[in-house]
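Data first, discussion second: the structure below is written as structure tokens.
No lab work stands behind these numbers, since they all come straight from the coordinates. Since the structure is predicted, the reported quantities are computational estimates derived from the model, not experimental observations. Counting neighbours? That spans all protein chains shown, and the Cβs are built from the backbone with ideal geometry, glycine included.
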Amino acid sequence: MVNNKTLMMVVLLSIFMAGSQTKGNQDPASHQNKDSAINQLKVFKEQTFIPGNTVTLQCGNITDINWNELIYIVWNISLQGRKCWLGLSSKRDGTCNDGKRLYNTSDGVYLVIPKISKQDEGFYSCDASYRAGSFAVNVSVSVTQLSTQLDSENSQQIAVCKATYKKTAPTLHWEPALNVSFNSTSVQKLGRFFMMENRVYLPDNITISELTCVATYTSESGPVQHKSTLHLKQNGPTGTTFCLRMKEETPTKR
């Protein structure tokens, strides 16, 4: 009788251990599937644009979604101190009254931001539903800010270029390149932003008529270049008068 009880306990213990092992083998796959689904719902992008340009944001890849089966699409927009949304469905029209609109085409639905400015910086969250599934994407939109000015120190002219950024600092350089005695770059934190400043001490015998500061920003859509030109206008044989003019450039991909 004792042997039978012992045998029964061994069998039950074997079954329990086998079940535990099977459950343990299944858990990682289950967690992996859940993590994969979460990642699909949390697509995040960072894009940088130059002020004054009309830009478009896309919700998802056109090859991933059959736009003929679209049920609805909604953009939730969170800007500095204000929020609004735009929707494309039979029941939702939108609350954005600043010129933003949805552009519906056969290969996708695009959010259009006309003449983008610093006021359009923020987070743009898109949710799209179609017959075969759904798609969501979050886009962090940054707008470049670049300026040039002319300072002086002990009668020496100094060309100054200032560029703001959120996370990744741009690279700054001057065109044409100059053989200068001193060139310094510094970074200062301004609230939620950073400002990079480059100062170039100009030689007394400079003969060029203008200098252009070029800021190159990184973006998921490719490198973006913003240029600001500092004009040096000759004013008679004995003096030089300096004026400023901003020169906007379209995004440059390399």
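Taking label points 7 Å from Cα along the Cα-to-Cβ direction, Phe194 and Leu79 give a separation of 2.7 nm.
With a threshold of 20 Å on the Cα-Cα distance, the over-threshold entries among Lys100/Lys189; Lys45/Lys162; Lys83/Lys118; Lys83/Lys227; Lys83/Lys189 are Lys100/Lys189; Lys45/Lys162; Lys83/Lys227; Lys83/Lys189.
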